[in-house]
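Heads up: the structure comes next, in structure tokens.
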Amino acid sequence: MPVKPLPPNANLPHLKYQAKDLIKEHHARDPQAAQRIREFHPQFRDATNRDIFDARLSLSDAQLTVARERGFANWARLKRHVEKPSPAGNLSLPHHERIEDPVFRRAVDLLDAGDADGLREHLNAHPNLIRERVLFEGGNYFRNPTLLEFVAENPIRYGKLPPNIVEVASVILDAGAKDDQAALNETLGLVCSGRVSRECGVQIPLIDLLCEYGADPDYGMPPALPHGEFEAANALIRNGARMDMAVAAALGRAEDAGRLLAAATSEERRRALALAAQFGHTEIVRLLLDGGEDPNGYNPGGMHAHSTPLHQAALAGHYDVVRLLVERGARLDVKDTMWQGTPEGWATYAGKTEVAEYLRERNPAHVRD
């Protein structure tokens, strides 16, 4: 689920009221509140709505949820940021300009310039740099990256990469980043889900390089699929990634989906429904619904969790999927947790007039002239 960045004039009392409102919504058993808690409170990550509603939600629990929803690790860090902002938390600046450590910043500048020799010398002079991380708060991801993770240009800072970025990445890996499994995996996920590496023609070479150095190809799939990075997904499969139900659903491999359905976990099925709806694979959506998947409910974490399968199908204009979901009982009045829009509103926003009209005609709340 995307985070909600703090406004420039963030007010701590107002944030406290948001936490108290969340407690009220929890007491009212609001499904939107359950989704927010599940997505942002680590204790409830795998909980059902009923589990969440039956649990006691303290003020500290609500504050933690609000803090993480805003891109901060906890309430104390959110409070510190509001009361005493630092350059690292200035969301108006690109990430490299938010780096306060001059040694780390110099390494990123050399990376961005494609200066492989200069970067190698810099890392030789500062051998501990390869294991260091910088802290960025207030964003959805890229919160605690190593130097290696900057090779993906995701999040976008310049919108381009140096032509020799694969060589630059090799310099960082050979300097010791190859021994940091977490950094390898995170970098792979960023490369697989970012458009800049693809547009620069280096996404597949970077995937191959990272996997050669030990990155787990299965780690790159969840970021790649909801972003529609199918070339990356196929490269991951070539490098040994597992074909599970969610992968088959995103790629539209109906035969594989049918074969994998019986053994798929509940989480894989939920992810598969979200992805099949997003990319318009009607046959696979039907397969999952016939297998007992609920057309309602928010998508799982990492799969546009602020929305439902119907939201995603409506946004993309997949008329047949939308009609199938509605016929199977998908609710038309569920609002997303970010912008409070219905599926019809999403279709209208995206200019999918046929889908919007279909949803409008079937919405009992719609008042006809």
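The values are calculated or read from the model by the stated rules, or taken from the named source; none is laboratory data. Quantities reported herein were computed from a predicted structural model and do not represent experimental measurements. Here the Cβ positions follow ideal geometry from the backbone for every residue, glycine too, while neighbour counts run over all protein chains shown.
The set of residues from region 25-40 being of a type outside the set (Gly, Ala, Ser) and either closer than 18 Å to Gln340 by Cα or surrounded by 19 or more Cβ atoms within 10 Å (Cβ to Cβ) (or both) comprises Glu25, His26, Arg29, Asp30, Pro31, Gln32, Gln35, Arg36, Ile37, Arg38, Glu39, Phe40. Looking across region 195-215, just one residue is outside any helix (DSSP H, G or I) and crowded, with 24+ Cβ neighbours inside 10 Å, and that is Ala215. Among the residues of region 317-342, those identified as within 22 Å of the chain's Cα centre (by Cα), more than 19 Å from Leu289 (Cα to Cα) and not polar (S, T, N, Q) are Gly317, Lys335, Asp336, Met338, Trp339, Gly341. When the residues of region 242-284 are filtered to those that are part of a helix (DSSP H, G or I), among the polar types (S, T, N, Q) and under 20 Å from Gly302 (Cβ atoms), the one that is modelled with the lowest pLDDT is Ser266.
Report, by residue number, each residue of region 164-185 that is of a type in the set (A, V, I, L, M) and either closer than 16 Å to Asn234 by Cβ or not in a loop (DSSP other than H, G, I, E, B) (or both). Ile165, Val166, Val168, Ala169, Val171, Ile172, Leu173, Ala177, Ala182, Ala183, Leu184, listed by residue number. Every condition in (1) touching a Lys or Arg at 6+ places or on another chain (Cβ under 7 Å); (2) surrounded by 15 or more Cβ atoms within 10 Å (Cβ to Cβ) holds for Asn144 except the one numbered (2).
Within region 285-299, the residues that satisfy the criterion of being surrounded by 23 or more Cβ atoms within 10 Å (Cβ to Cβ) and either part of a loop (DSSP other than H, G, I, E, B) or of a type in the set (Gly, Ala, Ser) (or both) are Tyr298, Asn299. Against the list (1) within 21 Å of Leu12 (Cβ to Cβ); (2) crowded, with 17+ Cβ neighbours inside 10 Å, the condition Ala169 fails is (1). Confirm whether Ala235 is buried (at least 18 other Cβ atoms within 10 Å of the Cβ) and outside any helix (DSSP H, G or I). Against the criterion (buried (at least 18 other Cβ atoms within 10 Å of the Cβ) and outside any helix (DSSP H, G or I)), Ala235 does not qualify.
Conditions tested, residue by residue: (1) at pLDDT below 95; (2) closer than 15 Å to Asp101 by Cβ; (3) not in a helix (DSSP H, G or I); (4) not assigned by TED's automatic domain parsing to the domain that holds Asp218.
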| site | (1), (2), (3), (4) |
| --- | --- |
| Ile130 | no, yes, no, no |
| Phe136 | yes, yes, yes, no |
| Asn144 | yes, yes, yes, no |
| Leu148 | no, no, no, no |
| Val151 | no, no, no, no |
| Thr187 | no, no, no, no |
| Leu190 | no, no, no, no |
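The sole residue among Ala272, Ala305 that is in contact (Cβ under 8 Å) with a residue 60 or more places away in the chain, in contact with a helix residue (DSSP H, G or I) (Cβ under 6 Å, 6 or more places away or on another chain) and surrounded by 20 or more Cβ atoms within 10 Å (Cβ to Cβ) is Ala305. Do we have any residue at all in region 105-118 that's out of contact with any Phe, Trp or Tyr (no Cβ under 9 Å at 6 or more places or on another chain) and closer than 19 Å to Asp180 by Cα? No, region 105-118 contains no residue that is out of contact with any Phe, Trp or Tyr (no Cβ under 9 Å at 6 or more places or on another chain) and closer than 19 Å to Asp180 by Cα. Could you please let me know if Glu267 is among the charged types (D, E, K, R) and more than 23 Å from Leu188 (Cβ to Cβ)? No, not satisfied. Every listed requirement among (1) surrounded by 13 or more Cβ atoms within 10 Å (Cβ to Cβ); (2) of a type in the set (S, T, N, Q); (3) over 20 Å from Tyr298 (Cβ atoms) is met by Asn9 save one, (1). Count of region 26-49 residues, restricted to those that are in a helix (DSSP H, G or I), modelled with pLDDT under 95 and not hydrophobic (A, V, I, L, M, F, W, C), is 9.
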